[in-house]
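Working notes for the structure below.
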Amino acid sequence: MSSPQHPLLLDLTGRRVVVVGGGPVAARRARGMLADGGDVHVVAPALCEDLADLAATGALTWHARQYVRGDLDGAWLVHTATGERRADDAVAADAEAARTWCVRADDASASTAWTPAVARAGDVTVAVNAGGDPRRAVALRSALQVQLDTGALPLRHRRPGPGHVTLVGGGPGDPGLITTRGRRALAEADVVVVDRLAPRALLDELEPDVEVVEAGKAPHAHTLTQAEINALLVERARAGQRVVRLKGGDPFVLGRGSEELAACLEAGVDVAVVPGVTSAIAVPGAAGVPVTHRDVARQVTIVSAHDADTDWETLARLRGTLVLLMGVSRLDEHMALLVSHGLDPATPVAVVEKGTLPTQRTTLGTVADIAARAAEGGVRNPAVIVVGHVAALAAALGPAAGSTRA
């Protein structure tokens, strides 16, 4: 029968901790205690490569000799991992006499303290001790870490704290394409300010009392102006709420995320950015259109097609792939402008609607006829338009279901 064990978290900041041994196990223990702020002293006649690197940088203090009585003076915690039973026994006995907690790598049953397997997510720490079975503990820790990373466990704070803003790129549409860090931010949110093209299925996973604020923008129909969005983020963070600004694609790819970041910084609000998978690259990829391809296109240009000051003359001369976002409503006009500035009318074009979603559809054609084909097929936003020879690859590389091919 194992002895009772009392779970406890220790603050090692600035406190002396001693590691006896210079091998890989000692290195793992030393790295962990350094990360937690400990004043780490290693006693060993020789060091493995990882420990030698840490000693060379001055991150820890190396006592290059065998362990001697007195090495534990002033220590708050001891780890012994010499690989020699008699040496570890001596360290453990001295630690017991000094009333210092001692973790033994060789014999957990002879320890007075144990190092659990740890899963972390932000300020959440979960320690797992599996009855002296380290492999079992690691397996449990790994399962918990996945759930923490993906926001599957309840991560919201229940006590008031400082507010902050997280700008999250939600990816191209499929909720599975948001990053794990993005999902974790959503799991921690008190308020979610959401765009029209964000992966809205993720909102169903929020706790019932999380506030959702619609901030979507469609042509000529804005729920909130950009200035109002900026003010809302700052106001809610200052009120102590944890705010997630959930955007489609990546916040910094034609998403005005940089304006929101600047507004938070100017107001002195704590803000972080979680990059996302941009639809300009992912949506063509989901349709079998690589935006770059050896011997076909070695560069890609991404353009917001509804901007009035777009330089179509320069775009028509560029080599490589042209990706147009938000351009379906004026597709005929844009193709005509490219041709008028010299682009070959036979250049392949692919228009991918609702990319990465089950209703994804691809319409293929050329600069000369894609507008007519799109009109005939009833193409609607959201859609990504790919102009260039890579678009022709969709016929060979793209999914057959749900595609209209020229």
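To keep it simple, each residue is scored yes or no on (1) surrounded by 15 or more Cβ atoms within 10 Å (Cβ to Cβ); (2) in a loop (DSSP other than H, G, I, E, B).
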site	(1), (2)
LEU203	yes, no
ASN230	yes, no
ALA237	yes, no
PHE252	yes, yes
ALA262	no, no
VAL273	yes, no
ILE281	yes, no
ILE302	yes, no
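If the requirement is being surrounded by fewer than 22 Cβ atoms within 10 Å (Cβ to Cβ) and under 22 Å from PRO134 (Cβ atoms), which of these qualifies: HIS63, HIS41, HIS79, HIS6? Break it down into steps so the answer makes sense when it comes.
Details: HIS63 fails: under 22 Å from PRO134 (Cβ atoms); HIS41 fails: under 22 Å from PRO134 (Cβ atoms); HIS79 fails: surrounded by fewer than 22 Cβ atoms within 10 Å (Cβ to Cβ).
From the options HIS63, HIS41, HIS79, HIS6, the qualifying one is HIS6.
Return the pair list, or none, for Cβ contacts closer than 6 Å from residues in the range 137-159 that are closer than 17 Å to ALA187 by Cβ to residues that are assigned to a loop (DSSP other than H, G, I, E, B), at least 6 apart or on different chains.
Here the result reads GLN147/LEU153, each pair linking the range 137-159 to a residue that is assigned to a loop (DSSP other than H, G, I, E, B).
When you check ASP309 against the structure, is it modelled with pLDDT under 95 and surrounded by fewer than 23 Cβ atoms within 10 Å (Cβ to Cβ), yes or no? Break it down stepwise before answering.
Details: modelled with pLDDT under 95: yes; surrounded by fewer than 23 Cβ atoms within 10 Å (Cβ to Cβ): yes.
In short, yes.
Please go through the range 238-253 and pick out each residue that is touching a Leu at 6+ places or on another chain (Cβ under 8 Å) and basic (Lys, Arg). Even if it seems obvious, please write down each step before you answer.
Taking the range 238-253 as the starting set, the residues that turn out to be touching a Leu at 6+ places or on another chain (Cβ under 8 Å) are 243-249, 251.
Selection gives ARG245, LYS247.
Is it true that VAL269 is in a loop (DSSP other than H, G, I, E, B), within 24 Å of GLU228 (Cα to Cα), within 22 Å of the chain's Cα centre (by Cα) and in the same structural domain as VAL168 (by TED's automatic domain parsing)?
Answer is yes for this residue.
Under 7 Å by Cβ, and 6 or more places apart or on different chains, what pairs join a residue from the range 124-136 that is on the phi > 0 side of the Ramachandran plot with one that is in a loop (DSSP other than H, G, I, E, B) and loosely packed, with under 15 Cβ neighbours inside 10 Å?
From the range 124-136, the pairs are GLY131/SER2; GLY132/SER2.
Looking at VAL291, is it of a type in the set (A, V, I, L, M) and in contact with a strand residue (DSSP E or B) (Cβ under 7 Å, 6 or more places away or on another chain)?
On the way: of a type in the set (A, V, I, L, M): yes; in contact with a strand residue (DSSP E or B) (Cβ under 7 Å, 6 or more places away or on another chain): yes.
So VAL291 fits the description; yes.
Does GLU96 count as under 28 Å from ALA130 (Cα atoms), touching a strand residue (DSSP E or B) at 6+ places or on another chain (Cβ under 8 Å) and acidic (Asp, Glu)?
Numbers: under 28 Å from ALA130 (Cα atoms): yes; touching a strand residue (DSSP E or B) at 6+ places or on another chain (Cβ under 8 Å): yes; acidic (Asp, Glu): yes.
So GLU96 passes the test.
At least 2 residues that are of a type in the set (A, V, I, L, M, F, W, C) and within 30 Å of GLN147 (Cβ to Cβ) in each: list the helices (runs of 4 or more DSSP H) lying fully within the range 5-123 that qualify. Walk me through how you get there before you give the answer.
Numbers: elements: 24-35, 49-57, 85-97.
Qualifying helices (runs of 4 or more DSSP H): 24-35.
Would you be able to say whether some residue in the range 33-42 is more than 22 Å from ARG120 (Cβ to Cβ) and in contact (Cβ under 8 Å) with a residue 12 or more places away in the chain?
In the first step, residues of the range 33-42 are kept if they are more than 22 Å from ARG120 (Cβ to Cβ); the result is 41-42.
Of the ones still in play, those that are also in contact (Cβ under 8 Å) with a residue 12 or more places away in the chain are 41-42.
Looking for residues that are more than 22 Å from ARG120 (Cβ to Cβ) and in contact (Cβ under 8 Å) with a residue 12 or more places away in the chain, one finds at least one in the range 33-42, hence yes.
Of a type outside the set (A, V, I, L, M), assigned to a helix (DSSP H, G or I) and either within 30 Å of ALA262 (Cα to Cα) or touching a His at 6+ places or on another chain (Cβ under 7 Å) (or both): does that describe ARG159?
no
Collect the residues in the range 364-397 that are surrounded by 23 or more Cβ atoms within 10 Å (Cβ to Cβ) and closer than 16 Å to VAL291 by Cα, keeping them in residue-number order.
LEU364, ALA383, VAL384, ILE385, VAL386, VAL387, GLY388, VAL390, ALA391, ALA394 - these are the residues of the range 364-397 that are surrounded by 23 or more Cβ atoms within 10 Å (Cβ to Cβ) and closer than 16 Å to VAL291 by Cα.
The values are calculated or read from the model by the stated rules, or taken from the named source; none is laboratory data. From a predicted model like this one, the values you see are computed outputs, not experimental measurements. Using ideal geometry, Cβ is built from the backbone for each residue, glycine included, and neighbour counts are taken over all protein chains shown.
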